[in-house]
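One structure is given below, encoded as structure tokens.
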Amino acid sequence: MTRLLPLFFLCCLAASVQLVQAGDGGGLAAYLQTALERNDEIRAARARLEAAEERIRRTGVLPDPRISVQYYLEPIETRTGPQNSAVALSQTVPWFGKLALRREQGEIDAIIAARQLAAVELKVARRVKTTYVEYGLLGQSIRIVGENLEILRYLESIARTRYAAGSSSFVDVLKIQIEMDRVEEQARDLNDQTVPRRIDLNNLLGSAPEMARPLPDKIPVVELPVTPDELLAALRTRSPKLAEARQVIDRAEKERALAERDFYPDLTFSLKTIFTGEAEYGAPAGSGDDPVIAGVTLNLPIFTDRRHGAVAEQSARILDARHRREQLLRELTSDVEQLLYRYREAQRKIALFRDSLVPKIRQELEVALEGFQSGTYSILELMDAQRGLLDFELEESRALAERAITLARLEELSGMTLARWEGNSSP
């Protein structure tokens, strides 16, 4: 009888492989592509970028010229004739450098919007990966619980056989049936969790909540391919949030430069002509000629307190932006260090369960089954071994999921893809 147990485990493993091949038809790569195309948060960020790029077209451009028409209700009599009306054209020109600074501001705003779009894409990609991993964890847990339920049914058949032969009491059968009821409830709870997880995934993909998604029966096996120092270096150079913070500093500096230009006047050039009729008496020189008047108008920046206040305000904003960037760098560095710890912890757990605890508890279950059949082990010892197998296998799956979720978060913070998510999956 003891020789049948390893064969039974092999049958369960073969069934699980078939479930993996048949159950995961979506694929993480397809989900990520769909999210990039249809996620509403990404679409909104793209629209903001488009708006910022279009805004550049109206920055750094001269204001519209103005034309004015005057009609004299009573003609003005002059030596050369009566003046009836006048037309003037004027164009305001900001002080040298103002238009260029405003255009540079618009370009920086577009860069900031692009950095924000990159951050949103990384965040959505991380959420898709996290949800996919959690969805896969549910699938793997359902498989593990199902396999353990089959083991319990197998143990129940042995207990019934021993009870029928008078080798054990019916209490042993009842204890196994109670454990079966507990595991069946666990299986129902796991199946029930698939609905909200599927809805989360559909929301990220911009799909209808009720759209069916295949339940992955595997967890991506991903590992960190760079050293912590390389990861921190990538964080400083490639993080969209840090890049956005740098652009915010640049924009504040342009604002201060523009405020400093406000100490100089803006110029308005004008050209005016007055329509003049023929002189009524005599023939004076220039009779009926329309005079043309050229002029320059400038504002007088004599109220300097306001301008000094604007420069001081922008200087304070620059300091604020710099301090915010330094604080953001510290926070992101701290987050990376915390995630690296969680990654190492998950790695240790995976190695512990995969290489030590799970093989040993399987061996213990075989020994307990053999002892139960020979009468040297009690049903409680057998049930304890079976329960340990279920718990250890679930813990190993959780550690695999935790490692993948942690790596997805590290990818978001560093602004780069660190792992190959497709092709490597847990058995």
Divide by every residue of the chain the summed helix terms, -39500 (n - 2.57) for each DSSP H run of at least 4, and state the resulting mean residue ellipticity at 222 nm, rounded to the nearest 500 deg cm²/dmol.
-24000 deg cm²/dmol
What whole number of Å gives the distance from the Cα centroid of the stretch 103-159 to the Cα centroid of the stretch 219-241?
18
Rounded, prolate or oblate: which fits the stretch 20-168 when a ≥ b ≥ c are the square roots of the eigenvalues of the alpha-carbon gyration tensor, with rounded for a/c under 1.5 and prolate only if a/b beats b/c?
prolate
Burial ordering of VAL358, VAL248, fewest other beta-carbon atoms within 10 Å first:
VAL358, VAL248
One quarter of the C-alpha convex hull surface, i.e. the mean projected area of the stretch 153-197 in nm², amounts to 3.1
Ranking of VAL171, VAL222 by count of other Cβ atoms within 10 Å, fewest first:
VAL171, VAL222
Nothing charged except the Cβ atoms of Lys and Arg (+1) and of Asp and Glu (-1): what's the magnitude of the dipole of the stretch 165-285 about its Cα centre? Round to the nearest 20 debye.
220
Between GLN91 and TYR72, 0.36 nm times their residue separation minus their Cα-Cα distance comes to what?
4.5 nm
Using Cα centres only, tell me the gap between the stretch 323-337 and the stretch 36-86 in whole Å.
44
State the Kirkwood hydrodynamic radius of the chain in Å, one decimal place, computed from all pairs of distinct Cα atoms.
28.6
Under the rule a/c < 1.5 gives rounded, and otherwise a/b versus b/c splits prolate from oblate, where does the stretch 204-261 land using the Cα gyration tensor?
oblate
Value in Å of the Kirkwood radius, where the stretch 304-427 supplies the Cα pairs that are averaged:
19.1
Charge-dipole axis of the stretch 34-160 as Lys and Arg at +1 and Asp and Glu at -1 on Cβ define it, positive-most pick from LEU152, PRO94, LEU137
LEU152
List the relative contact order of the chain as a percent without decimals, with contacts defined as Cα pairs under 8 Å and 6+ residues apart.
25
Taking other Cβ within 10 Å of each residue's Cβ, how do SER207, SER334 sort, fewest first?
SER334, SER207
Distance from the stretch 272-320 to the stretch 341-372 (C-alpha centre basis), Å:
87
Cross-link reach list, aspartates and glutamates versus LYS123, counting only Cα pairs under 18 Å and skipping chain neighbours closer than eight places
GLU37, ASP40, GLU41, GLU134, ASP200, GLU244, GLU331, ASP335, GLU402, GLU411, GLU412
Extending each Cα 7 Å along its Cβ direction at ASN191 and GLN33, get the distance between those two points in nm, one decimal.
3.3
Report, in debye and to the nearest 20, how large the dipole of the chain comes out about its Cα centre when Lys and Arg carry +1 and Asp and Glu carry -1 on their Cβ.
580
Which lysines does LYS175 reach when only Cα atoms under 27 Å apart count, and residues fewer than 8 places away in its own chain are ignored?
LYS360
Could you tell me whether the stretch 166-232 comes out rounded, prolate or oblate from its Cα gyration tensor? Rule is a ≥ b ≥ c as square roots of the eigenvalues, rounded for a/c under 1.5, then prolate if a/b exceeds b/c, otherwise oblate.
oblate
If you place +1 on the Cβ of every Lys and Arg and -1 on the Cβ of every Asp and Glu, how big does the dipole about the Cα centre of the stretch 133-203 come out, in debye to the nearest 20?
200
Nearest-0.05 FRET efficiency for THR333 and ARG420 at R0 = 25 Å, using Cβ-Cβ distance, is 0.45
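Rule-based calculations on the coordinates, nothing more; no lab input. Source: prediction; values computed, not measured. FYI the Cβ positions are ideal-geometry reconstructions off the backbone, even for glycines, and counts take in every protein chain you see.
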